[in-house]
Amino acid sequence: MKICFFGSSLVSSYWNGAATYYRGMLKEIAALGHDVTFFEPDAFERQAHRDIDDPDWAKVVVYAATPDGWRSSLEEAARSADMLVKASGVGVFDRELENAVAEIPSNAMRIYWDVDAPATLESVADNPDHHLRHAIRSYDMVLTYGGGDAVVSAYRGIGARDCVPIYNALDPATHFPAPPNAHFTCDLSLLANRLPDREQRVERFFIDVACRLPDKTFVLGGSGWDSKNTPANLHKVGHVGTGDHNAFFGSALATLNVNRDSMARYGFSPPTRVFEAIGAGACLITDQWDGIDHFLEPDREVLVAASGAEVAEHLAALRLDRAQAIAARARARILSHHTYRQRARQFNDLFAASSSRIEAAE
């Protein structure tokens with residue numbers, strides 16, 4: 001099957017948290033025998049901040065971030081694809097692409113792959129005239145990387161033919177235990193870009209914790225935090241490329257996951273950072289959200305905190321031997337049940353079943 005995939009970027013993680021998901025999923029989908037072409041715009045300085053070369057398992061097409069750029073790329077893809085995929089959050093011309101993929105003449109199956117379904121659905125709910133209310137009916141399937149039953153029901157409620165979560169996962173070839181790096185050494189780390197619907201939760205679950213525990217050390221990675229006022233025991237390291245993720249996560253006693261507001265409300269939305277950190281051998285503390293126990297067992301494989309105060313309690317009580325035991329159990333669980341190889345097989349099974357239904361309907 002020839003898959004033409006329109007997403008934010010495969011080759012750059014700069015302001016692009018979905019890169020790990022795209023790479024893990026598409027590499028394993030290609031390993032099952034599919035031909036993958038990834039179309040991405042030349043936008044947001046991502047090409048200047050590439051952190052991988054073009055992979056041998058996918059063709060990468062970088063198009064100009066202009067109306068002519070996306071149109072010519074989509075026309076090229078529509079002529080040859082067996083499956084056209086439009087991912088959410090490309091960042092430029094999303095509305096235009098989503099409408100065009102739904103309407104362009106093609107024999108390809110059309111898939112809308114939402115890498116931030118809670119945010120998308122809240123935007124749709126707030127706008128009775130949102131373009132997806134009409135366009136989504138022309139897609140054969142919606143795939144999401146999180147959200148569980150709440151997301152499935154919401155998508156079906158606006159007319160999606162079907163909606164299936166294909167959750168984030170671990171690629172053990174890219175995220176694995178590595179020697180610590182003194183630049184990242186601390187008691188608690190957090191890797192998260194500064195975004196409006198995450199900042200307040202980062203303040204409550206991380207920055208306030210650093211204020212509560214002045215004898216502990218904290219490292220904050222991610223873009224956009226330079227101007228943020230933080231306590232002296234919190235060190236900001238800026239953008240951390242994927243090549244440094246393993247050292248980043250492996251250099252702290254524990255690392256923190258903080259979901260964005262919408263992801264926390266919908267639940268069942270583990271971000272890529274959860275699997276990256278655990279793959280790198282980190283002891284994970286996460287904010288509380290419904291569905292965490294679907295992926296990890298609280299207290300044995302992950303520490304769960306409903307507030308900044310609970311993060312501080314976990315960290316104050318955490319000793320190295322317990323952190324290492326939690327990390328080891330979590331990594332064993334993820335390797336057994338939540339790898340991209342397993343997710344790719346799920347995708348393959350879905351495609352086979354969907355193809356049969358579409359052929360029968362025709």
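The values are calculated or read from the model by the stated rules, or taken from the named source; none is laboratory data. Just so we're clear, the structure is a prediction, and the values are computed from it rather than from any experiment. Glycine also receives a Cβ, built like all others from the backbone with ideal geometry; neighbour counts cover every protein chain displayed. Quick note on the areas: whole protein, heavy atoms, side chains included, nothing else; ligands and nucleic acids left out. Shrake-Rupley method; radii C 1.70, N 1.55, O 1.52, S 1.80 Å.
Yes/no matrix, rows are residues, columns are (1) within 30 Å of Met83 (Cβ to Cβ); (2) hydrophobic (A, V, I, L, M, F, W, C):
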| site | (1), (2) |
| --- | --- |
| Phe275 | yes, yes |
| Asp293 | no, no |
| Glu310 | no, no |
| Glu313 | no, no |
| Ala325 | no, yes |
| Arg331 | no, no |
| His337 | yes, no |
Odd one out for Thr185 among (1) farther than 26 Å from Asp51 by Cα; (2) over 19 Å from the mean Cα position of the chain (by Cα): (1)
Test: residue in the stretch 36-59 that is in contact (Cβ under 8 Å) with a residue 12 or more places away in the chain, of a type in the set (Asp, Glu) and buried (at least 21 other Cβ atoms within 10 Å of the Cβ): yes
Subset of the stretch 20-44 [at pLDDT 95 or above and part of a helix (DSSP H, G or I)]: Tyr21, Tyr22, Arg23, Gly24, Met25, Leu26, Lys27, Glu28, Ile29, Ala30, Ala31
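Only one residue in Ala117, Ala102, Ala108 is open to solvent by less than 30 Å² (accessible area, probe 1.4 Å), in contact (Cβ under 8 Å) with a residue 12 or more places away in the chain, small (Gly, Ala, Ser) and over 25 Å from Gly148 (Cα atoms), so which one is that?
Exactly one of Ala117, Ala102, Ala108 is open to solvent by less than 30 Å² (accessible area, probe 1.4 Å), in contact (Cβ under 8 Å) with a residue 12 or more places away in the chain, small (Gly, Ala, Ser) and over 25 Å from Gly148 (Cα atoms), namely Ala108.
Is it true that some residue in the stretch 123-137 is at negative phi and touching a residue at least 40 places away in the same chain (Cβ under 8 Å)? Step through it out loud before you land on a result.
Within the stretch 123-137, the subset at negative phi is 123-137.
Checking the rest, the ones that are also touching a residue at least 40 places away in the same chain (Cβ under 8 Å) come to none.
No, the stretch 123-137 has no match at all.
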Conditions (1) closer than 26 Å to Ser12 by Cβ; (2) modelled with pLDDT of 95 or more; (3) touching a Gly at 6+ places or on another chain (Cβ under 9 Å): number failed by Ala119: (2)
Extreme residue, nearest to Phe206 (Cα to Cα), among residues of the stretch 308-324 that are open to solvent by 50 Å² or more (accessible area, probe 1.4 Å) and assigned to a helix (DSSP H, G or I): Glu310
Test: residue in the stretch 195-205 that is touching a residue at least 12 places away in the same chain (Cβ under 8 Å), open to solvent by 10 Å² or more (accessible area, probe 1.4 Å) and aliphatic (A, V, I, L, M): yes
Search result, residues across the stretch 122-177 that are in contact with a Pro (Cβ under 9 Å, 6 or more places away or on another chain), open to solvent by 20 Å² or more (accessible area, probe 1.4 Å) and either within 22 Å of Gly279 (Cα to Cα) or in a loop (DSSP other than H, G, I, E, B) (or both): Tyr145, Tyr167
Candidates Ala280, Ala328, Ala305, filtered to the one that is open to solvent by 10 Å² or more (accessible area, probe 1.4 Å) and modelled with pLDDT of 95 or more: Ala328
Any hit, the stretch 210-218, residues being closer than 28 Å to Asp171 by Cβ, open to solvent by 50 Å² or more (accessible area, probe 1.4 Å) and free of Cβ contacts under 8 Å to residues at least 24 places away in the same chain: no
Those residues of the stretch 224-240 which are crowded, with 17+ Cβ neighbours inside 10 Å and of a type in the set (Ser, Thr, Tyr), in sequence order: none
